[in-house]
Amino acid sequence: MKTKETGSDPKFATKTTSGESPALTALFKDAIADLYWAENHLVKALPKMISAATAPELKSAIESHLEETKGHVSRLEQVFELLGEKPIAKKCDAMEGLTKEAEGIVEGTEPGTATRDVGIILASQKVEHYEIASYGGLHQLATTLSFTDVAGILAQTLAEEKQADNKLTDIAENEINYNAASEA
Ligand code: FE
Ligand code: FE
Ligand code: ZN
């Protein structure tokens, strides 16, 4: 069987430096600007989810992720600096949609119910998965473009997004889904 080993072929290896792919670098920077908008938007949207949530463990999980999210904004500012760019936010239609969906779930459920909490968890995990996909892909792309320091910063946030997602899964599985199932 023949295996392709383009990655270790020196003929291809020279193509991994950023200077040689301005279009890819531009795409990368655009995606960072999209994430910067998304994280800033979450800083404004998460407080609404905290007030709508009932279970103390859910409230505190979102509260601590709000603090982390402020750190994600600062990390992206570091990324812009490393790239020699001013921080630019480019509207992320996906995050706008995901937070609208979350607000719709809150409006469609009764205050103080475990059912509303389940809805908040569902919506929040969609947000986390969008972020995980974004940071995961951009971490890989930063590595390809030899933006080593940037890749390291993106990896830190990626780890926190995964942790936040796992925490939400735990909360849902350990209590809230069960409580909601016995609700009227
Ligand atoms: Fe984040
Ligand atoms: Fe986006
Ligand atoms: Zn997040």
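The values are calculated or read from the model by the stated rules, or taken from the named source; none is laboratory data. Note that the structure is a prediction, hence the values are computed from the model and not measured. Note: ideal-geometry Cβ built from the backbone for every residue, glycine included; neighbour counts use all protein chains shown. Accessible surface is based on the protein model in full, side chains and every heavy atom, while ligands, DNA and RNA are left aside. Shrake-Rupley method; radii C 1.70, N 1.55, O 1.52, S 1.80 Å.
Of (1) in contact (Cβ under 8 Å) with a residue 24 or more places away in the chain; (2) farther than 22 Å from V73 by Cα, Y130 satisfies all except one. Which?
(2)
Regarding region 165-183, can at least one residue be identified that is within 11 Å of the chain's Cα centre (by Cα), among the hydroxyl-bearing types (S, T, Y) and within 18 Å of H65 (Cβ to Cβ)?
No, there is no match, as no residue in region 165-183 is within 11 Å of the chain's Cα centre (by Cα), among the hydroxyl-bearing types (S, T, Y) and within 18 Å of H65 (Cβ to Cβ).
Hey, does region 125-134 have a residue that's of a type in the set (G, A, S) and out of contact with any Ser or Thr (no Cβ under 9 Å at 6 or more places or on another chain)?
Step one: of region 125-134, the residues of a type in the set (G, A, S) are 133-134.
Right, trim to out of contact with any Ser or Thr (no Cβ under 9 Å at 6 or more places or on another chain) and you get 133-134.
Yes, there is a match, as at least one residue in region 125-134 is of a type in the set (G, A, S) and out of contact with any Ser or Thr (no Cβ under 9 Å at 6 or more places or on another chain).
Identify, please: which residue in region 59-112 is over 17 Å from the mean Cα position of the chain (by Cα) and of a type in the set (S, T, Y) and is, among those, most open to solvent (accessible area, probe 1.4 Å)?
Going through the qualifying residues, I end up with S60.
Need a quick list: helices (runs of 4 or more DSSP H) entirely within region 74-172 having at least 3 residues that are among the polar types (S, T, N, Q). Full working, then the answer.
Numbers: elements: 93-107, 114-144, 148-171.
In region 74-172, the matching helices (runs of 4 or more DSSP H) lie at 114-144, 148-171.
Could you please let me know if A55 is surrounded by 14 or more Cβ atoms within 10 Å (Cβ to Cβ), touching a residue at least 40 places away in the same chain (Cβ under 8 Å), more than 27 Å from F147 (Cβ to Cβ) and of a type in the set (A, V, I, L, M)?
Numbers: surrounded by 14 or more Cβ atoms within 10 Å (Cβ to Cβ): yes; touching a residue at least 40 places away in the same chain (Cβ under 8 Å): yes; more than 27 Å from F147 (Cβ to Cβ): yes; of a type in the set (A, V, I, L, M): yes.
Criteria met by A55.
Out of A151, A181, A172, A164, I need the residue that is in contact with a His (Cβ under 9 Å, 6 or more places away or on another chain), away from ligand 1 (no atom under 16 Å from the Cβ) and among the small types (G, A, S). Which one?
A151
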